[in-house]
Amino acid sequence: MSETDEQASTSGAPPKGPVKVDCRSVDVFYNDKQAIFDISMVIPDQSVTAFIGPSGCGKSTYLRCINRMNDTIEGARVEGEIVIDGVDVNDPAVDPVLLRSRVGMVFQKPNPFPKSIYDNIAYGPRIHGLARDRAELDGIVEDSLTRAGLWEEVKDRLASPGTGLSGGQQQRLCIARAIAVNPEVILMDEPCSALDPIATARIEELIDDLRQRFCIVIVTHSMQQAARVSQQTAFFHLGKLIEYGDTETMFTNPANPKTQDYITGRFG
Amino acid sequence: MSDHIVRAFTEELEALSADLLRMGGLAETMINDACLSVTAPNATLGASVMATDIEVDALEAAIEKRITRLLALRQPLARDLREVLAALKISHDLERIGDLSKNIAKRAGALDGGADGAVLKGVERMGRAVSAQLQAVLDAYASRNSDEALRVWEADEDVDQHYNSYFREVLTYMMEDPRTIGSGAHILFMAKNLERIGDHCTNIAEVVHYLVTGEQLSSAERPKAPELEV
């Protein structure tokens, strides 16, 4: 097996199903420092793709390219194409706010708005004009909370502040908020790292449900979590994509020795 | 391959491998002693085979315990996962080899010199062949060498051919002289046991190949001697 600096190794069968996000030769710079080196990959729809790799490997940076979250960082520059349904997200004609309603994001630390549970969910649909009247908005709120597995726990206190929920509930609230605007892609940046194992299991169960409808990309530090929730896994190291393939093969017989070393705890 | 960041993990995997090789060494001794007790009847040899079998069984239990612990505490992945799965499967094959050897030693006791020396030569020959197979496959495991494992896998055909021709030979003796039917039946079972030990060696070879390459060999593709017609 040779060192593959030029091209990422692939493991197992290529991703199944229609492509949702097609990334072509993406480079990312923070001022003069290059953080991502020429990474191309296709992310299939209706499945979960996990990004793994040691801290600073570029996996979060790469994730944030998909909904242009790097725009908000001073000095950050993205080159290459990220095509969703035939349109490059970096095209000047693309409105980043609209893009982010199609490509939702869930962060490491649950970050509900300092508003009621109801308004946390209703906020997005309101500004995007997704509901014509109150009844329709109520419907969206209930539906989103139900799909996030939170409805039963909060239906009697929708007016209380979202920040009063437990950490796991807050994270499910944030997921409900993301799906309330009917996104197509959901990006999750270590969504469980601040949660206990029970809350983590609930989120993982939720991710598994959501993949019936959405394209989900998750960055995680937990190898076991990547193995549990994803169908494809991509391993990043020093800003490069080292290996990308089906999750089962990646965790039983990875093609690249670097992947092998990382997932078996030999460096990182 | 470099060591784990958590050194205890590397040590536990090494200890597992060492236990397995010890178990393999004992199984090899059992085959040799059992076959020797057939051609040169000797009560102490038989007793030693029985005693070694107890040791082999205890090692299998200890290995299983180690593996349970490793899976629960370390959650091995990739090559490490294959190491652990391989150890579990190989220990089972070695335990079976021990049992089959014990059965040969028992039958040697039942024969108690009541068979023609010439006819028993076949047990010795087959015993040498399968013992060499076991030794080779344990070497392949120790050096994590998939090519060596593949050679053992392919060579099982020879053991099967040994068995087929020996089977016919013993059958001929039994037909010629019905008084040898009792001892002949024992000898046929011994030969069958040795042939089974050969099969366990090929199982181990398949596991070693999987451990090293991550690819499963298909038994359907293994070269085989023609089926014995009875």
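The values are calculated or read from the model by the stated rules, or taken from the named source; none is laboratory data. Here the structure is a predicted model, which means the values were calculated and not measured. All Cβ positions, even for glycine, are placed from backbone atoms using ideal geometry, and neighbour counts span all protein chains on display.
The set of residues in segment A:214-257 that are polar (S, T, N, Q), surrounded by fewer than 21 Cβ atoms within 10 Å (Cβ to Cβ) and away from every other protein chain (no Cβ under 14 Å) contains only A:GLN231. Scanning segment B:1-12 for residues that are within 10 Å of another protein chain (Cβ to nearest Cβ) and aliphatic (A, V, I, L, M) yields B:MET1, B:ILE5, B:VAL6. For segment A:78-90, which positions are closer than 15 Å to A:ILE39 by Cβ and either of a type in the set (Gly, Ala, Ser) or outside any loop (DSSP other than H, G, I, E, B) (or both)? Within segment A:78-90, A:VAL78, A:GLU79, A:GLY80, A:GLU81, A:ILE82, A:VAL83 meet the criteria.
Taking segment B:149-170 as the range and being within 16 Å of the chain's Cα centre (by Cα) and of a type in the set (Ser, Thr, Tyr) as the test, only B:TYR163 passes.
Here A:LYS115 clears all of (1) surrounded by 18 or more Cβ atoms within 10 Å (Cβ to Cβ); (2) over 22 Å from A:PHE214 (Cβ atoms) except the condition numbered (1). Of the numbered conditions (1) assigned to a helix (DSSP H, G or I); (2) surrounded by fewer than 21 Cβ atoms within 10 Å (Cβ to Cβ), B:GLY113 fails exactly one; give the number of that condition. Looking at each condition in turn, B:GLY113 falls short on (1).
Restricting attention to segment B:116-130, and to residues there that are touching a Leu at 6+ places or on another chain (Cβ under 9 Å) and under 25 Å from B:LEU20 (Cα atoms), which single residue is surrounded by the most Cβ atoms within 10 Å (Cβ to Cβ)? Give the steps one after another, and end with the answer.
As a first pass, look at segment B:116-130 and keep what is touching a Leu at 6+ places or on another chain (Cβ under 9 Å): B:120, B:123-124, B:126-127, B:129-130.
Among the residues that remain, those that are also under 25 Å from B:LEU20 (Cα atoms) are: B:126-127, B:129-130.
Details: B:MET126: 24, B:GLY127: 25, B:ALA129: 19, B:VAL130: 28.
Selected residue: B:VAL130.
On the basis of being more than 14 Å from chain A (Cβ to nearest Cβ), part of a helix (DSSP H, G or I), more than 19 Å from B:ARG107 (Cβ to Cβ) and not polar (S, T, N, Q), does B:ASP80 make the cut?
On the way: more than 14 Å from chain A (Cβ to nearest Cβ): no; part of a helix (DSSP H, G or I): yes; more than 19 Å from B:ARG107 (Cβ to Cβ): yes; not polar (S, T, N, Q): yes.
Answer is no for this residue.
Taking the listed residues B:LEU45, B:LEU100, the one that is at pLDDT 95 or above, away from every other protein chain (no Cβ under 14 Å) and under 24 Å from B:ARG128 (Cα atoms) is B:LEU100, with no other qualifying. Out of curiosity, is B:GLY122 of a type outside the set (Ser, Thr, Tyr) and within 18 Å of B:LEU45 (Cα to Cα)? Spelling it out, it is not the case that B:GLY122 is of a type outside the set (Ser, Thr, Tyr) and within 18 Å of B:LEU45 (Cα to Cα).
Out of curiosity, is B:VAL119 in a helix (DSSP H, G or I) and under 15 Å from the mean Cα position of the chain (by Cα)? Can you show your working first?
Numbers: in a helix (DSSP H, G or I): yes; under 15 Å from the mean Cα position of the chain (by Cα): no.
Here the answer is no, as B:VAL119 does not meet what is asked.
Take the conditions (1) away from chain B (no Cβ under 14 Å); (2) in contact with a helix residue (DSSP H, G or I) (Cβ under 8 Å, 6 or more places away or on another chain); (3) of a type outside the set (S, T, N, Q); (4) closer than 19 Å to A:CYS57 by Cα; A:ILE179 misses just one of them, which is (4).
Scanning segment A:71-129 for residues that are over 16 Å from A:LEU165 (Cβ atoms), small (Gly, Ala, Ser) and in contact with a strand residue (DSSP E or B) (Cβ under 7 Å, 6 or more places away or on another chain) turns up A:GLY75, A:ALA76, A:GLY80, A:GLY104.
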